[in-house]
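K.L.:
Dumping the structure here so I can ask a few things about it.
The values are calculated or read from the model by the stated rules, or taken from the named source; none is laboratory data. Small disclaimer: the values here were computed from a predicted structure and weren't measured. No Cβ is skipped: glycine too gets one built from the backbone with ideal geometry, and neighbour counts run over all protein chains shown. Quick note on the areas: whole protein, heavy atoms, side chains included, nothing else; ligands and nucleic acids left out. Shrake-Rupley method; radii C 1.70, N 1.55, O 1.52, S 1.80 Å.
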Amino acid sequence: MPESANNVKQILGDDASGTQYLTCLLAGEQYGLNILQVQEIRGWEQVTRIPNSPRYIKGVINLRGTIVPILDLRLRFDLPAEPYSKETVVIVVRAADKKGNERSIGLVVDAVSDVIVARDEQVVCTPEFGANVPTENIIGLVSEGDEMVMLLDIASLLELDADEVGVTGG
Amino acid sequence: MAASILAVDDSASMRQMVSFTLKGAGYDVVEAADGVEALKIARTRSVNLVITDVNMPNMDGISLIRELRALPSYKFTPLLMLTTESSADKKQQGKSAGATGWIVKPFNPEQLLNTVKKVLS
Amino acid sequence: MSIDMAQFHQVFFEESFEGLDVMESGLLNMDPGTADVEEINAIFRAAHSIKGGSGTFGFMNVSDFTHVMETLLDEMRDGRRQVAADAIEVLLQSVDVLRDMLTAARDGGSADEARVKAQYSELQRVLADKHSSDDAVADPVKQASAVVPEVQPVGWKIVFRPHPHLMRTGNDPLRIIRELATLGETSVNCDLSELPAFEEFEPEDSYLSWDLRLHEPVDKSQIDEIFEWVEDDCDFAVVPVMPEGYDPAAAVEPPAASDQAEPVAQKKPHLTEVPPPEERRVTDERRNEAERRKTPAAAAGGSSSIRVDIHKIDALINMVGELVITQSMLGMLGEDFHISRVERLREGLTQLERHTRELQESVMQIRMVPISFSFSRFPRLVHDLSSKLNKKIELKMSGENTEVDKTVIEKIGDPLVHLVRNSLDHGIEKPEERLAAGKPETGIVRLSASHRGGNIVIEIRDDGRGLPRDKILKKAVERGLVKADDNLSDKDIYDLIFQPGFSTAEQVSDVSGRGVGMDVVRRNINELGGAIEIESTPGKGSAIIIRLPLTLAILDGQTIRIGKETYIVPLVSIVESIQIQESMLNTVVGRGETFTLREEYLPVVRMHEVFGIEDHDAKRLTDGILVVVEGEGRKCGLFVDDLLGQQQVVIKSLEANYRKVEGISGATILGDGSVALILDIPGLMRLAKQGGARTRAPLALTA
């Protein structure tokens, strides 16, 4: 965990009246991930490509003996792709999918920001405002200072069956 | 020093039960799965009591008793057979082979302990 | 003090089920005419153990039931009863019932009471036939005199004169007297009159005798019990001591002689009638159909366990010991490391590699179970099925000791059952047909297993009528699977039976043609990483050959390179690897690029196209390597850039966190920590057929 996150956790301690979210930067916007679902944060490393997979699946990595897929969030949300830099980070998250199976995936984001706390009543439902991110992947919005953080629904990101794939002739 | 007992039975669950019961009462227990194994053990060490089932592969209980009596250190050792109630002739055979007595199956741990205590006192 | 017996139950059940298997195979192998005593003895012992254990652990219904079986077997082994086919059949059915009872006892359910009762009656019926009264001998000890004077004695006078050899039975007069004394106050009078002179004195003999008086009005039976063991080894008399003023003339007549101990078989109340024979057969059949025989590890609801030879564990412990030593040696080297010690380091690492490899092999060995666990159900199955089908069939098995990974054993059972049933049902002809064809009346089914080149090969061969080539072709054409004028080899035609829903049996007998199908069998075998093939000669017979990897967790793989990507090809699928020459290539209309290999035209699969790899090296087919692979009966050549090494890889799941990918069966972690994907050959061939790769974003993003 980056230092800032650790510090925040220490300061806030057990804030029973709110949920902690790890915030990260993606194409200029802030997104939040429920910290209970965050397994670890790694730098970008070489992946093994999976043939015939959706564009946003970069491949898989070896996470201490388990095979974990890496998903590029920019590509997942059809945002313009950027070359990876040394700030590029992979956040490994774990959640239960629709079938109830616990699965881990790594999300490639531009950078990690901070940890915030938000109580349930602070979370606002997303209006259809033509946001970058499809609403089915967002739990809601939260204000943090003068910024807006979009809380991501991690379980929805695990659904990989619906993929937009173009086919070339054989 | 704790008394030692050699328990011989081809049924692992019976051996375990006998062993567990006797060990719990402070006895030293050695196990064997048939007469051949038991004889091997007997040839290398002496015990204070042998409890053996009758029906076993490789060497049955009665032959084991006969063989044990032939060993100098087992001449007077109490040798008990585990028999079922309907085999009177087995008891006879056992006695002719030199058995000390018998314990009737099925038995519960208390019965076993009582008999062992009597014999080893 | 009470001891919880439940902790021994699991072992008792495991043992008892094994015992049932011993009984069953013993009974199946028994020939009424030539049964030998040792065979019967082994079956008897198994029943005896189950009876004893179930009684000890409180499963009285099992104990009572087994008791009757044991009695029957006892008569047989003593020669008091002939070994008749009828008795064997009843015993076999009793084994089934007993299995149910034990399963119910283990899992907490209840056995079919009616069935148990019925079978119990059957056993008794057989016992009653030519019933010998030998086993009704009343126990002499229990036949203690029934003289009970109305007036109770106040004590007992006991004369105890041990025979000289008494101590040699391990009995000790002192112990016996002490025990007597626990019943009450005892006065002891020792008679030394028999003691010989010192020179004639035998220290191991007993010369002393005792007059004992027990001043306690205990029951005579209690005294008898104490002397029970030595009653043949001594002169022994017990006389009651009556109270003052007792008049013997007033003693009551002893009651009528107690009933002779009832013949054991009649202890139970009268039971219900035995259902007619056909009904019983059907019940058996129904249970044969349902998968009643689980492999040892698949105990319903119980904890999964495996029996391991203790030597394997010992070897493992030794190896771990060596590993620890090597590791600590390397640890020491590492502290304070100096470049001059690099040689020692290298040696140490080589040793480490060797020990790790040995350890790995040993651990794999532990999970290896002999395939007999799967094969063991077949003698019974063949026996029952052949009577049901009215055919004469002999089963010959070989290689039962061939060891296979535990996971493979569990999954190979069902497919094998299906295949053997097919052989019996469709392959082997009825006796009349066989005779008419000049074959011996009894058909032979050979089930064998062996290790061949790092795989398990299981074969089911029969000498029946072979596969009906023309019928199969006709059916396939009807189904639109092939066209009537497709140029198909016999092998291709036989392969068609693996298509879903395919069954040419005229009557779909419930034995095998339930549509469970060969396609499911093949799929199951593919899922195990194996392959299945059929050979057949009309009129002579068929053979089904199954190849399986030794273990599901580890795979022997050939690493291949396409561009910058490496993949693993399972060695079991590789036929050979070749460098193509122009002369071998051609393009066949409707089949795309092909190459010739020993007169076969096989399709070329351009891996970089199927997997969308853009920066592959070899542009022309002749620049790369062609790996000829086989899957589901078909062959093709994979066009790759290079062959890298062969290695054993540990299979990791791709699906656990991702999902199933067509053409990929799993992943592995290479020595450098990176992930390599393992190819699924049948899936790959399907993918190739569907044509082409799907678009991907340019790879330039990878840092």
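K.L.:
Between a residue in the range A:74-88 that is within 12 Å of chain C (Cβ to nearest Cβ) and any residue that is of a type in the set (Lys, Arg), which pairs come within a Cβ distance under 8 Å, given they are 6 or more apart or on different chains?
P.N.:
A:75/A:55; A:80/A:74; A:81/A:74; A:82/A:74
K.L.:
Please enumerate the residues belonging to the range C:42-65 that are open to solvent by less than 30 Å² (accessible area, probe 1.4 Å) and farther than 23 Å from residue B:21 by Cβ.
P.N.:
Result: C:43, C:44, C:46, C:47, C:65.
K.L.:
Hey, any hits in the range C:174-192 for a residue that's acidic (Asp, Glu), open to solvent by 60 Å² or more (accessible area, probe 1.4 Å) and within 14 Å of chain B (Cβ to nearest Cβ)? Break it down into steps so the answer makes sense when it comes.
P.N.:
From the range C:174-192, those acidic (Asp, Glu) are C:179, C:185, C:191; that's our starting set.
Checking which are open to solvent by 60 Å² or more (accessible area, probe 1.4 Å) leaves us with C:185.
Checking the rest, the ones that are also within 14 Å of chain B (Cβ to nearest Cβ) come to none.
No - not one qualifying residue is present in the range C:174-192.
K.L.:
Hey, does the range C:613-636 have a residue that's in a strand (DSSP E or B), modelled with pLDDT of 85 or more and within 13 Å of chain A (Cβ to nearest Cβ)?
P.N.:
Filtering the range C:613-636 down to residues in a strand (DSSP E or B) leaves C:625-631, C:634-636.
This time we only want the ones that are modelled with pLDDT of 85 or more, so: C:625-630, C:635-636.
Checking which are within 13 Å of chain A (Cβ to nearest Cβ) leaves us with none.
Checked the range C:613-636: no residue is in a strand (DSSP E or B), modelled with pLDDT of 85 or more and within 13 Å of chain A (Cβ to nearest Cβ).
K.L.:
Can you find a residue that is under 30 Å from residue B:114 (Cα atoms), at the interface with another protein chain (Cβ under 9 Å from one of its Cβ atoms) and over 23 Å from the mean Cα position of the chain (by Cα) anywhere in the range C:69-85? Spell out how you get there, then give the answer.
P.N.:
Filtering the range C:69-85 for residues under 30 Å from residue B:114 (Cα atoms) gives C:70-71.
Cutting the leftovers down to at the interface with another protein chain (Cβ under 9 Å from one of its Cβ atoms) gives us C:70-71.
Now narrow it down to the ones that are over 23 Å from the mean Cα position of the chain (by Cα): C:70-71.
Among the residues of the range C:69-85, at least one is under 30 Å from residue B:114 (Cα atoms), at the interface with another protein chain (Cβ under 9 Å from one of its Cβ atoms) and over 23 Å from the mean Cα position of the chain (by Cα), which makes the answer yes.
K.L.:
Moving to a separate point now. Within the range A:98-113, track down each residue that is at pLDDT 85 or above and surrounded by fewer than 18 Cβ atoms within 10 Å (Cβ to Cβ).
P.N.:
A:102, A:111
K.L.:
I've got another one for you. If I filter the range B:53-99 down to residues being of a type in the set (Val, Ile, Thr) and out of contact with any Asp or Glu (no Cβ under 9 Å at 6 or more places or on another chain), which single residue comes out as nearest to the other protein chains (Cβ to nearest Cβ)? Reasoning before the result, please.
P.N.:
So the first thing to find is which residues in the range B:53-99 are of a type in the set (Val, Ile, Thr), and the list is B:54, B:62, B:65, B:77, B:83-84.
Now restrict to residues that are out of contact with any Asp or Glu (no Cβ under 9 Å at 6 or more places or on another chain): B:62, B:65, B:77.
Values: B:62: 13, B:65: 9, B:77: 5 Å.
Going through the qualifying residues, I end up with B:77.
K.L.:
Right, something else. For the condition more than 12 Å from the chain's Cα centre (by Cα), open to solvent by less than 40 Å² (accessible area, probe 1.4 Å), among the polar types (S, T, N, Q) and under 28 Å from residue C:165 (Cβ atoms), what is the one hit in B:63, B:4? Spell out how you get there, then give the answer.
P.N.:
On the way: B:4 fails: more than 12 Å from the chain's Cα centre (by Cα).
Of B:63, B:4, the one residue that is more than 12 Å from the chain's Cα centre (by Cα), open to solvent by less than 40 Å² (accessible area, probe 1.4 Å), among the polar types (S, T, N, Q) and under 28 Å from residue C:165 (Cβ atoms) is B:63.
K.L.:
When you scan the range C:37-54, how many residues do you find that are of a type outside the set (S, T, N, Q), at the interface with chain B (Cβ under 10 Å from one of its Cβ atoms) and farther than 8 Å from residue C:73 by Cα? Even if it seems obvious, please write down each step before you answer.
P.N.:
Within the range C:37-54, the subset of a type outside the set (S, T, N, Q) is C:37-40, C:42-48, C:50-53.
Of the ones still in play, those that are also at the interface with chain B (Cβ under 10 Å from one of its Cβ atoms) are C:38, C:42, C:44-48, C:50-53.
Going one step further and asking which of them are farther than 8 Å from residue C:73 by Cα, we end up with C:38, C:42, C:45-48, C:50-53.
Looking only at that region, the number is 10.
K.L.:
Would you mind telling me which numbered condition in (1) modelled with pLDDT under 85; (2) closer than 30 Å to residue C:398 by Cα; (3) not in a helix (DSSP H, G or I) residue C:487 fails?
P.N.:
With (1) modelled with pLDDT under 85; (2) closer than 30 Å to residue C:398 by Cα; (3) not in a helix (DSSP H, G or I) applied to residue C:487, the lone miss is (2).
K.L.:
Got a sec? Which of C:38, C:89, C:70, C:18 is among the acidic types (Asp, Glu) and over 24 Å from residue B:15 (Cβ atoms)? Give the derivation first.
P.N.:
Numbers: C:38 fails: over 24 Å from residue B:15 (Cβ atoms); C:70 fails: over 24 Å from residue B:15 (Cβ atoms); C:18 fails: over 24 Å from residue B:15 (Cβ atoms).
The unique qualifying residue is C:89.
K.L.:
Based on what the data block shows, is residue A:45 modelled with pLDDT under 95 and over 18 Å from the mean Cα position of the chain (by Cα)? Reasoning before the result, please.
P.N.:
Numbers: modelled with pLDDT under 95: yes; over 18 Å from the mean Cα position of the chain (by Cα): no.
Considered against the rule, which asks whether it is modelled with pLDDT under 95 and over 18 Å from the mean Cα position of the chain (by Cα), residue A:45 comes out as no.
K.L.:
Output the number of residues of the range C:389-414 satisfying the condition of being farther than 12 Å from residue C:371 by Cβ and either in a strand (DSSP E or B) or of a type in the set (A, V, I, L, M) (or both).
P.N.:
Total satisfying the criteria: 5.
K.L.:
Answer yes or no: is there a residue in the range A:90-109 that is more than 18 Å from residue A:154 (Cβ to Cβ) and part of a loop (DSSP other than H, G, I, E, B).
P.N.:
If we filter the range A:90-109 for residues that are more than 18 Å from residue A:154 (Cβ to Cβ), which is where we start, we get none.
No, the conditions are met nowhere in the range A:90-109.
K.L.:
Answer yes or no as to whether residue A:31 is part of a strand (DSSP E or B), open to solvent by 10 Å² or more (accessible area, probe 1.4 Å) and at pLDDT below 95. Even if it seems obvious, please write down each step before you answer.
P.N.:
Values: part of a strand (DSSP E or B): yes; open to solvent by 10 Å² or more (accessible area, probe 1.4 Å): no; at pLDDT below 95: yes.
Answer is no for this residue.
K.L.:
Of everything in the range C:388-415 that's in contact (Cβ under 8 Å) with a residue 60 or more places away in the chain and closer than 18 Å to residue C:462 by Cβ, which residue is nearest to the chain's Cα centre (by Cα)? Step through it out loud before you land on a result.
P.N.:
Of the residues in the range C:388-415, the ones in contact (Cβ under 8 Å) with a residue 60 or more places away in the chain are C:388-389, C:404-415.
Restricting the remaining residues to those that are closer than 18 Å to residue C:462 by Cβ gives C:388-389, C:415.
Details: C:388: 25, C:389: 27, C:415: 16 Å.
Per the stated criteria, the residue is C:415.
K.L.:
List the pairs whose first member sits in the range C:198-212 and is within 13 Å of chain B (Cβ to nearest Cβ), whose second member is open to solvent by 60 Å² or more (accessible area, probe 1.4 Å), and whose Cβ atoms are under 8 Å apart, counting only residues at least 6 apart or on separate chains?
P.N.:
Filtered contacts from the range C:198-212: C:202/C:164; C:204/B:75; C:204/B:76; C:204/C:168; C:205/C:164; C:205/C:165; C:206/C:164; C:206/C:165.
K.L.:
Tell me which of these residue C:24 doesn't satisfy, since it passes every other one: (1) in a loop (DSSP other than H, G, I, E, B); (2) surrounded by 15 or more Cβ atoms within 10 Å (Cβ to Cβ); (3) not hydrophobic (A, V, I, L, M, F, W, C).
P.N.:
Against the list (1) in a loop (DSSP other than H, G, I, E, B); (2) surrounded by 15 or more Cβ atoms within 10 Å (Cβ to Cβ); (3) not hydrophobic (A, V, I, L, M, F, W, C), residue C:24 comes up short only on (1).
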